[in-house]
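The values are calculated or read from the model by the stated rules, or taken from the named source; none is laboratory data. Not measured: the values here are computed from a predicted model. For neighbour counting, all protein chains shown are included, and Cβ atoms are generated from backbone atoms with ideal geometry for every residue, glycine included.
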Amino acid sequence: MSLPQVRELRTEIPGPLSTSLQQRRSAAVAAGVSSVLPVYITEASGGVLRDVDGNSLIDLGSGIAVTSVGNAAPEVVEAVREQVAEFTHTCFMVTPHENYVAVCEELAELTPGEHAKRTALFNSGAEAVENAVKIARRATGRPAVVAFDHAYHGRTNLTMALTAKSKPYKHGFGPFAPEVYRAPMSYPARDGRSGVDSAREAIERIEKQLGADTVAAVLIEPVQGEGGFIEPAPDFLPELASWCAENGVLLIADEIQTGFCRTGSWFACDHEGVVPDIITMAKGIAGGLPLAAVTGRAELMDAMPPSSLGGTYGGNPLACAAALGSIRAMREQDLSAAARGIEEQVLPRLRALAESSDRILEARGRGAMLAVEFVRPGGDEPDPELAAAVAKSCHAQGVVVLTCGTYGNVIRLLPPLVIGGELLGEGIDVLERAIAEHAG
């Protein structure tokens, strides 16, 4: 690691130099672009972020599950340095380059299923989702797309329609793209139902309101991200997948946040042996550089006419080089196992907190995608104020945590998969004290 893996606070958070930069920001950056914690970073490595005031913070957010291999990972830095000296852009649609092909080959091998696959590369998760929907509609000749309660799929017009939560993502930005429908999601902490029963309810809703023969695709996050790190009950996903296969409906797995070792396997679908027809990826794919991908069955992807997929920057050579370096690091360091080790270290501590407090509905998650959901005393009413207070306390102590959830009442943890056990444990110590202070 290029930085000492320690938490060190030299000033209050944010410090004076960050505060000065925040004033400059207010005069230059659109107010609609917000930040969780207004500290300005100069260096980052492993599980540590260093700001302009010299503070070293424990990173339990990974830039929202992006820097899974650690910030400035040597494998990524070396690959990008070599590529940037050779050429920075050609546009793959004009003159292609080998790195794009190599990334697509890697994704064909890593994604679930042994069938023949094809891949197209893009810039962001939202682009990947939009293109997956395009592919599904064109391949099936059907218009309807089903998404789920608590889903988050992006901020573009189509992906806003697919996203469930109104504020801050959708409110005032309509009208939205048509032929998007919503089904109930399995939420074990709140509905207490089996996965099969929850899936059958969703399927019944689809068949009654749409009819299977109008549905191009069912789009789902195998573990929901922004919606609250909701892990569906066992058999929910396999039941949906079986129904899709029986009815000619394509199953699109949005693995943008869950992919690339985050949940303890290369992809969250692997945990239940679900093989999607199409899978969308971004975030952890390239160690911090902007890259996204859609990988699907060869017959679906090859049914798209020439020039119907693409974009000026999609599959940029620097981002592709970074992805190849990142994937190599994940393999060589077995970061799926590292994610499972993070779960083994952290989840029992979070569950012990939940058992001792009526302010925690549930501690949950897989791998290094873990969460605590807060409620008001004596019931299951969401308590976003408590989640915000706990997060603010952690931030003041130099630990970066994030909130999420349809109700804003969930603290989520997304540490880099390379974080050291001692540093991670210290971060959880801070979180425990914050919860005791505000929820005790």
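Exactly one residue out of Ser35, Ser45 is within 24 Å of the chain's Cα centre (by Cα) and either among the acidic types (Asp, Glu) or under 17 Å from Ala391 (Cα atoms) (or both), and it is Ser35.
Put simply, of Ala323, Ala363, Ala368 the only residue that is of a type in the set (A, V, I, L, M), touching a Pro at 6+ places or on another chain (Cβ under 8 Å) and modelled with pLDDT of 95 or more is Ala368. Contact map, the range 96-112: residues that are outside the structural domain of Gly284 (by TED's automatic domain parsing) and closer than 17 Å to Ala253 by Cβ paired with residues that are charged (D, E, K, R) and part of a helix (DSSP H, G or I), Cβ distance under 9 Å, separation 6+ or inter-chain. No pairs are found.
Only one of the listed residues (Ala293, Ala286) is touching a Phe, Trp or Tyr at 6+ places or on another chain (Cβ under 8 Å), on the phi < 0 side of the Ramachandran plot and either assigned by TED's automatic domain parsing to the domain that holds Gly408 or touching a residue at least 24 places away in the same chain (Cβ under 8 Å) (or both). That residue is Ala293. The requirement of being at pLDDT 95 or above, in a strand (DSSP E or B) and in the same structural domain as Glu109 (by TED's automatic domain parsing) is fulfilled nowhere in the range 255-274; no residue meets it. Select, from Thr67, Thr42, the only residue that is closer than 19 Å to Ser2 by Cβ and surrounded by fewer than 22 Cβ atoms within 10 Å (Cβ to Cβ). Step by step, each of Thr67, Thr42 is checked, and only Thr42 is closer than 19 Å to Ser2 by Cβ and surrounded by fewer than 22 Cβ atoms within 10 Å (Cβ to Cβ).
Taking the stated definitions as given, is Val410 modelled with pLDDT of 95 or more, in contact with a Lys or Arg (Cβ under 8 Å, 6 or more places away or on another chain), β-branched (Val, Ile, Thr) and surrounded by 24 or more Cβ atoms within 10 Å (Cβ to Cβ)?
No; evaluated as a whole, the condition is false for this residue.
Among the residues of the range 17-28, are any assigned to a loop (DSSP other than H, G, I, E, B) and of a type in the set (Gly, Ala, Ser)? No, the range 17-28 contains no residue that is assigned to a loop (DSSP other than H, G, I, E, B) and of a type in the set (Gly, Ala, Ser).
Can you find even one residue in the range 62-78 that is without any contact (Cβ under 8 Å) to a residue 60 or more places away in the chain and either basic (Lys, Arg) or at positive phi (or both)? Taking every residue of the range 62-78 in turn, none turns out to be without any contact (Cβ under 8 Å) to a residue 60 or more places away in the chain and either basic (Lys, Arg) or at positive phi (or both). Taken over the range 78-107, the criterion of being surrounded by fewer than 16 Cβ atoms within 10 Å (Cβ to Cβ), among the small types (Gly, Ala, Ser) and under 30 Å from His271 (Cβ atoms) is satisfied by Ala102 alone.
Does the range 414-425 contain any residue that is over 24 Å from Val48 (Cβ atoms) and surrounded by fewer than 20 Cβ atoms within 10 Å (Cβ to Cβ)?
Looking through the range 414-425, none of the residues is over 24 Å from Val48 (Cβ atoms) and surrounded by fewer than 20 Cβ atoms within 10 Å (Cβ to Cβ).
Only a single criterion out of (1) touching a residue at least 60 places away in the same chain (Cβ under 8 Å); (2) over 11 Å from the mean Cα position of the chain (by Cα); (3) surrounded by 24 or more Cβ atoms within 10 Å (Cβ to Cβ); (4) under 23 Å from Ala108 (Cα atoms) is not satisfied by Leu237, namely (1). Within the option set Val223, Val196, being under 15 Å from the mean Cα position of the chain (by Cα), at pLDDT 95 or above and not in a strand (DSSP E or B) holds for one residue only, Val223. Of the helices (runs of 4 or more DSSP H) lying entirely inside the range 296-406, the ones with 1 or more residues being buried (at least 18 other Cβ atoms within 10 Å of the Cβ) and of a type in the set (S, T, N, Q) are found at 317-332, 335-356, 384-396.
The residue list Ser20, Ser56, Ser62, Ser34 contains one member that is closer than 20 Å to Leu414 by Cβ, surrounded by fewer than 19 Cβ atoms within 10 Å (Cβ to Cβ) and either among the hydroxyl-bearing types (Ser, Thr, Tyr) or not assigned by TED's automatic domain parsing to the domain that holds Ala241 (or both), which is Ser34.
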